[in-house]
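Written below as structure tokens is the structure these notes are about.
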Amino acid sequence: MAEIAPILQRLSRIRSEQHFVVSCYLRLDLRDRVREKYLVALKDAIKPLRQTFEQPDLGHRQREALEGDLKRILDYAGRRPNLPAAPGLAIFACQPLKLFQTIPLPRAYRTRVAVDHTPRVAELAAAEEDFGRVLAVAVDRQHARVFEVTAFDCTELPSLVSATTRGGKFHSQRDESPGWGEASFQHRIREERFRHYAQVARELVALDHRLPVRGVVLAGPGPEPLLPFLPPSLKSRLMGTAKVNPTALSAPQMRTLVLNLRRNHELAVERSLVAEVERGLGTGWAVSGPRPTLRALSRGQLRSLLIRADLSGWGFRCADTGRLAPAKADCRGEGVPEPVADLVNEAIEEALHQGVTVTVIDDPEAGKALDGMAGQLRFRT
């Protein structure tokens with residue numbers, strides 16, 4: 001986080017009453033990159049914003065600056081060499097302030113664009129906390145390379161090398177020689193491999209005690225034999241395994257591997273979260289549907305917010321209470337309903353400011369169980 005901290009600090013200090021800052025979060029998963037679907041999603045996110053440019057209190061220069069910033073973002077995203085090898089990208093642009101900042105992200109909830117007098121950095125600030133710290137180990141029977149992967153960095157820690165006995169010491173039975181081969185003679189090779197795996201497991205436990213980790217990734221020619229040596233506390237946080245050559249693996253390659261395995265792990269987590277919401281609906285500890293979910297969000301009642309990936313559309317914000325609502329009638333008695341171009345975008349931003357865990361449900365089967373938007377509650381009313 002050392003590299004992102006000054007950028008986040010600089011963005012947080014930007015506040016201008018005269019100029020607008022365009023904040024763009026671009027989702028760049030593998031399926032989003034196919035046939036440049038991410039670019040189509042970006043243009044769809046920009047389209048409703050252009051309608052807000054027609055406000056009478058918006059000057060001609062402000063409109064031109066906003067149009068220029070949107071064009072710069074589209075041009076940048078339209079060039080494939082500019083795209084990072086990451087599942088997400090944040091772009092902040094403001095031509096009058098000479099701002100154009102791009103930041104690769106370990107994940108973007110969805111492709112969204114917002115215009116405000118300050119940069120929308122809530123998702124960026126929450127990225128490290130949501131991602132946590134992942135320990136990735138590339139292991140074979142003699143070596144173990146350990147990597148610490150965070151939201152914005154991948155660092156290789158001191159490696160482990162276990163001593164092995166020189167080969168060729170034992171031979172098959174010849175005349176009166178008692179040897180029966182290296183594998184079977186006192187099981188020397190297996191014993192050395194087991195001792196090595198036990199040492200690697202102890203090192204991972206020590207690293208976890210020093211600073212708790214969110215997950216563990218195992219890689220190597222055959223990483224599965226290391227599993228029995230992991231304690232239950234680490235085994236329960238296993239995000240996946242992969243077959244690689246440990247000696248030829250670089251830190252950026254390991255980071256990409258961890259991001260891919262983590263994404264597959266998150267799909268399984270999404271299904272379990274939807275199941276928890278379904279159980280909570282029966283006990284009153286969950287809500288489903290945009291109207292009850294947004295009402296719970298306005299009360300600070302949500303513990304987690306689940307949104308179906310394909311959900312989009314206009315909404316309203318009640319002028320007196322600031323509450324988000326899907327229809328004008330919901331603001332009765334709470335002030336004049338002010339149109340909101342992207343209701344889901346505003347809901348995500350408000351949830352992040354409240355410290356609510358946000359999950360976008362990408363699994364189509366799991367998404368069918370949601371009425372667009374749902375959430376688990378901190379308390380019942």
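The values are calculated or read from the model by the stated rules, or taken from the named source; none is laboratory data. Everything numeric in this text was worked out from a predicted model, so none of it was measured. For neighbour counting, all protein chains shown are included, and Cβ atoms are generated from backbone atoms with ideal geometry for every residue, glycine included.
When ASP57, ASP69 are checked against the criterion of being at pLDDT 85 or above and either under 21 Å from ASP342 (Cβ atoms) or not hydroxyl-bearing (Ser, Thr, Tyr) (or both), a single residue qualifies: ASP69.
Considering only segment 3-21, state which residues are modelled with pLDDT of 85 or more, part of a helix (DSSP H, G or I) and surrounded by 11 or more Cβ atoms within 10 Å (Cβ to Cβ). If the condition is that a residue be modelled with pLDDT of 85 or more, part of a helix (DSSP H, G or I) and surrounded by 11 or more Cβ atoms within 10 Å (Cβ to Cβ), then ILE7, LEU8, ARG10, LEU11, SER12 are the ones that fit. Only one of the listed residues (ASP320, ASP310) is part of a loop (DSSP other than H, G, I, E, B), out of contact with any Lys or Arg (no Cβ under 9 Å at 6 or more places or on another chain) and more than 26 Å from THR111 (Cβ to Cβ). That residue is ASP320. ARG120 meets the conditions (1) more than 30 Å from THR247 (Cα to Cα); (2) in the same structural domain as PRO223 (by TED's automatic domain parsing); (3) basic (Lys, Arg) in every case but one. The failed one is (2). Put simply, of GLY300, GLY375, GLY335, GLY355 the only residue that is touching a Ser or Thr at 6+ places or on another chain (Cβ under 9 Å) and part of a loop (DSSP other than H, G, I, E, B) is GLY335. Out of the residues in segment 67-113 that are of a type in the set (Gly, Ala, Ser) and surrounded by fewer than 21 Cβ atoms within 10 Å (Cβ to Cβ), which is nearest to LEU261 (Cα to Cα)? Only one residue fits best here, namely ALA86.
Yes/no matrix, rows are residues, columns are (1) over 17 Å from SER288 (Cβ atoms); (2) not assigned by TED's automatic domain parsing to the domain that holds ALA41; (3) not small (Gly, Ala, Ser):
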residue: ASN345; (1), (2), (3): yes, yes, yes
residue: ALA351; (1), (2), (3): no, yes, no
residue: LEU370; (1), (2), (3): no, yes, yes
residue: MET373; (1), (2), (3): no, yes, yes
residue: THR381; (1), (2), (3): no, yes, yes
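Taking residues in segment 280-302 that are assigned by TED's automatic domain parsing to the domain that holds ASP371, and partners anywhere that are of a type in the set (Ser, Thr, Tyr), the pairs with Cβ atoms closer than 8 Å and at least 6 places apart or on different chains are LEU281/SER288; VAL287/THR293; SER298/THR321; ARG299/THR381; GLN301/THR381; LEU302/THR293.
Listed conditions (1) at pLDDT below 90; (2) surrounded by 17 or more Cβ atoms within 10 Å (Cβ to Cβ) are all met by VAL34, apart from (2).
Restricting the search to strands (runs of 3 or more DSSP E) fully inside segment 22-117 and requiring at least 2 residues that are out of contact with any Leu (no Cβ under 8 Å at 6 or more places or on another chain) gives 99-105, 112-116.
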